[in-house]
1. Using Cα springs under 10 Å in a Gaussian network model of the chain, which residue among Gly36, Gly169, Gly242 shows the largest mean-square fluctuation?
2. Taking square-rooted eigenvalues a ≥ b ≥ c of the alpha carbon gyration tensor, is region 96-181 rounded, prolate or oblate, where a/c under 1.5 means rounded and, failing that, a/b exceeding b/c means prolate?
3. Out of His74, Val19, Ala148, whose Cα points farthest toward the positive end of the dipole of region 1-153 (charges: +1 Lys, Arg; -1 Asp, Glu; placed on Cβ)?
4. Can you give the percent of C-alpha pairs in region 141-225 whose distance is more than 16 Å?
5. Does region 198-278 come out rounded, prolate or oblate, given a ≥ b ≥ c as the square roots of the eigenvalues of its C-alpha gyration tensor, rounded meaning a/c under 1.5 and, failing that, prolate meaning a/b above b/c?
6. Which loop GluC sites (Glu not before Pro) in region 71-169, with loop taken from DSSP, have no more than 10 other Cβ atoms within 10 angstrom of their Cβ?
7. Normalise the Cα radius of gyration of the chain by 2.2 N^0.38 Å (N = residues in it) and let me know the number.
8. What residue among Leu32, Leu253, Leu162 has the largest mean-square fluctuation in a Gaussian network model of the chain, using Cα springs under 10 Å?
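Bear in mind that the values in this text are calculations on the coordinates, not laboratory data. Please read these numbers as outputs of a predicted model, since none were measured by experiment. Note that each Cβ is placed from the backbone with ideal geometry, even for glycine, and that neighbours are counted across all protein chains shown.
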Amino acid sequence: MALYAIGDIQGCREALEDVLERIKFDPARDRLWFAGDLVARGPDSLGTLRLIKSMGPAAETVLGNHDLHLLAAHYGLSRLKPRDLTQPILDAHDRDELMGWLRHRPLLLHDKNLDCVLTHAGIPPGWSLKAARGYAREVEDVLQSKDAHLFLADMYGNEPALWSDELRGTARLRVITNFLTRMRLVSIEGAMDFEHKEDLSIIPPGLHPWFMLPNPALKTGRVLFGHWAAIAGVTGSKRFIGLDTACVWGGCLTVYRLDDGKSFTSRRGCSGTSPAQP
């Protein structure tokens with residue numbers, strides 16, 4: 001049995017099927033972790049959701065910011081973004097079933113035996129694994145409840161940008177969600193910046209990639225994340241594993257085998273063409 005972690009798919013179903021064939025994935029034997037953003041800009045978000053859902057317990061995924069946005073659109077709380085190609089999901093006969101399944105996905109996955117944790121965007125400086133699991137559960141509990149629409153209506157916004165144990169209610173849930181699904185750069189105090197989405201060569205003064213700031217509270221071995229396509233998975237650390245290698249933007253889909261740290265890439269890009277290697 002092997003455990004694989006897969007970067008942001010964003011509706012690139014053909015690339016996903018290709019890389020699963022390459023690793024000879026067997027749902028009776030292997031497990032898959034997906035880094036979130038299953039849907040959005042690629043050509044087949046509907047097929048991607050159906051495929052991953054059909055894998056049953058062999059596949060687990062955390063929620064990404066694009067997945068949450070789709071859920072908000074499903075409830076009529078937000079419009080799809082102009083470049084999103086997710087309208088076929090909202091038109092599908094199994095829409096409610098798919099959205100119910102997506103709504104019950106977690107924000108964090110942890111494997112104690114392999115000493116690794118996965119969230120869509122990362123774990124901010126100052127949070128321990130125990131704290132991150134607890135905060136993630138707070139959001140999961142409301143998202144999986146009858147009040148999910150209330151959370152989804154209030155989740156948008158960049159404030160507060162800094163964590164405080166004193167936060168309550170909407171502000172608390174929003175900042176937890178932003179840390180786990182939108183974070184890239186933070187200040188030395190730990191405040192998130194939402195403007196910079198480029199690579200590490202042009203970081204604005206006073207900001208740092210979250211994974212480059214010390215976090216003595218986080219004892220777990222490997223932290224896996226997606227979300228930041230511009231860095232193409234490069235973190236400069238064997239502990240922090242970036243999985244988003246920009247498949248939807250002309251790159252490839254990356255699969256990381258947690259058992260031995262070996263990586264695999266898709267032979268197809270998002271449209272079925274040979275991808276440019278990031």
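1. Gly169
2. Here region 96-181 falls in the oblate category.
3. Ala148
4. Roughly 59 percent, rounded to a whole number.
5. Oblate, since a/c reaches 1.5 and b/c is not below a/b.
6. Here the sparse-neighbourhood loop sites are Glu166.
7. 0.94
8. Top of the fluctuation ranking is Leu162.
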